[in-house]
Amino acid sequence: MEENQKEPVDFFAHQAQVKQLLGDKEILLFLDYDGTLTPIVDTPDLAVISDEMREQVRQAAQQIKTSIVSGRATDDVRSKVRLENIFYAGSHGFEIVDPQGKVTINEEAQKIRPVIDEVYERLSQQLKKVPGSLVEHVKYTISVHYRLVAEKDFPAVQKAVADILTEYPVLRQTEGKKVFEVRPKIDWDKGRAVQWILKFLNFDPQKHLPVYIGDDTTDEDAFRFLANKGMGILVAQASRLSFAPYGVPDTPAVKRVLDFFMTGRKEA
């Protein structure tokens, strides 16, 4: 683990501290999707946001400028969340849609898109014979899921990804929960996406407090970016090291956090 990562403290046990940090500042809210707004499930298509959580996010977005920052393709996460007037940053931020619907695509990632298409086809063919593997085209990235792959078959998945990357130096590999991510080798991640949105919103550290809630290793880029200018909240059942100072155990707890930001922070 990297320097400065610590075990997050319980968000709800430190509400007085959180209120002090918030003060009278306006919250700028950033939410991951999988594992944050929905529980982690076996395959990506099963991660459907509940009506209750959607309503909670809708209510929060009426009071707080809200962004969804996801590894999913932007169109995919938008079709699942189905809320207007919020930011959607998909493919780890390579594509961002603002509340007015304007789409901004990372120019470098757009140039590499044909390579992503090609590698997706090759990995799909190579892993077709590995039971339980799933290769997902995420527009500007590729997700190779192995949650349902038997332990004995895992090395085949690992090798297929490693081998193909030796042929494509413009790509790199990162990892999430039971998934290998194949991405353009560009200095861009969820942290940079948050930075872009904050600039769009004319972020002022005297007036605003950015809050990012996420569960995966890819969210650590956002937690790291906000380390001295905002608040990170890790969603995790088991304690682990993180750049996020606070933690909650699961998706129902995320609903309680949103409740707190809407009403609890104002209570004495």
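The values are calculated or read from the model by the stated rules, or taken from the named source; none is laboratory data. Fair warning: this is a prediction, and the values are worked out from it, not measured in the lab. Cβ coordinates were reconstructed from backbone atoms using ideal geometry, including for glycine residues, and neighbour counts include every protein chain displayed.
Quick notes
- Condition check for V194: under 14 Å from the mean Cα position of the chain (by Cα) and at pLDDT 95 or above: yes
- Cross-chain or 6+ apart pairs with Cβ under 7 Å, segment 112-139 first and closer than 15 Å to A156 by Cβ, then among the charged types (D, E, K, R) and assigned to a helix (DSSP H, G or I): V130/D153; P131/D153
- Here is the figure for segment 214-250: residues that are polar (S, T, N, Q), farther than 19 Å from D24 by Cα and surrounded by fewer than 19 Cβ atoms within 10 Å (Cβ to Cβ) total 3.
- Residue check, D42 modelled with pLDDT under 90 and not in a helix (DSSP H, G or I): yes
- From V211, V179, residue being crowded, with 19+ Cβ neighbours inside 10 Å, of a type in the set (V, I, T) and outside the structural domain of P114 (by TED's automatic domain parsing): V211
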